[in-house]
Amino acid sequence: MIVLIQKGGVVVLIIMLMSLVAAVIVIERLIFFRKIQIDETKMMGRLKATLEKGHFDEALSICENNPAPITNLMKVGIEHRAYSEQTIKEAVTAAANMEVPRLERFLTTLGTIAHIAPLLGLLGTVIGMIRAFGVLGSGPSGDPSELSKGVAVALLSTAAGITVAMPAVAFYNHLVQRVSHIVIRLENRVSEMVLLLVRREYAKQED
């Protein structure tokens, strides 16, 4: 890698630094998504059984001990259970909107790296080609072998940019798709959670 940076110059160094940032983002996001991954169906069933018994403190404890987008929404809903259905829905929806930035954290940076890396590589290649062809402009004493070496070094920038961009694009698309699936599931769960809390509150009032 050191040799590559020495030959490619500042542009390749920047691309390598971008690759390091991209790697850190990907690792951090994969760990984050693994950490919040739970069996939502099982969790909702457990919370439903607890709420039907009126054990709200236990339900809140379950949510706090199993941090995930779905349990965060349930916690907000339980805390607002004494309010009207509309108020509960607004509170849960607001909580859902707060979850989205946490899910999308650093993805914009990763996407930017994926798009800029090949462009930087192309820029490095253009700069290298200008320098390489400067050998021919030096007159009859210009060495053609130096030209070929210069072109080869110039192309290293493009190769480095593409090498960084390909996995960055792949992971970016994967993470964006994962976020989209989570958001869709949250949207589908909002009505279910509100109905569950409101139904339980109505039953309590009738008793």
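The values are calculated or read from the model by the stated rules, or taken from the named source; none is laboratory data. Everything numeric in this text was worked out from a predicted model, so none of it was measured. Heads up, the Cβs are rebuilt from the backbone with ideal geometry, glycines too, and the neighbour counts pull from every protein chain shown.
Among helices (runs of 4 or more DSSP H) entirely within the range 52-112, having at least 3 residues that are of a type in the set (D, E, K, R) and in contact (Cβ under 8 Å) with a residue 60 or more places away in the chain singles out 85-103. The residues of the range 57-79 that are touching an Asp or Glu at 6+ places or on another chain (Cβ under 9 Å) and either over 23 Å from M98 (Cα atoms) or not basic (K, R) (or both), listed by number, are L60, A68, P69, I70, T71, N72, L73. Candidates are the residues of the range 156-175 that are in contact with a helix residue (DSSP H, G or I) (Cβ under 6 Å, 6 or more places away or on another chain) and of a type in the set (A, V, I, L, M); the one that is modelled with the lowest pLDDT is L156. Being among the small types (G, A, S), loosely packed, with under 12 Cβ neighbours inside 10 Å, outside any helix (DSSP H, G or I) and at pLDDT below 75 is a property that holds for S141. The numbered conditions (1) crowded, with 20+ Cβ neighbours inside 10 Å; (2) at pLDDT below 85; (3) not aromatic (F, W, Y) are all true for H80 except (1).
Within the span defined as the range 29-42, one or more residues are farther than 26 Å from F171 by Cα and either touching a residue at least 12 places away in the same chain (Cβ under 8 Å) or in a helix (DSSP H, G or I) (or both). Would you pick out the residues in the range 50-65 that are modelled with pLDDT under 85 and surrounded by fewer than 17 Cβ atoms within 10 Å (Cβ to Cβ)? Of everything in the range 50-65, those that are modelled with pLDDT under 85 and surrounded by fewer than 17 Cβ atoms within 10 Å (Cβ to Cβ) turn out to be E52, K53, G54, H55, F56. Being in contact with a helix residue (DSSP H, G or I) (Cβ under 8 Å, 6 or more places away or on another chain), more than 30 Å from R131 (Cα to Cα) and of a type in the set (D, E, K, R) is true of R29.
Residues that are of a type outside the set (A, V, I, L, M) and surrounded by 13 or more Cβ atoms within 10 Å (Cβ to Cβ) within the range 35-49 comprise E40, R46, K48, listed in sequence order.
If only residues of the range 15-44 that are polar (S, T, N, Q) and closer than 29 Å to M74 by Cβ are counted, the one that is farthest from the chain's Cα centre (by Cα) is T41.
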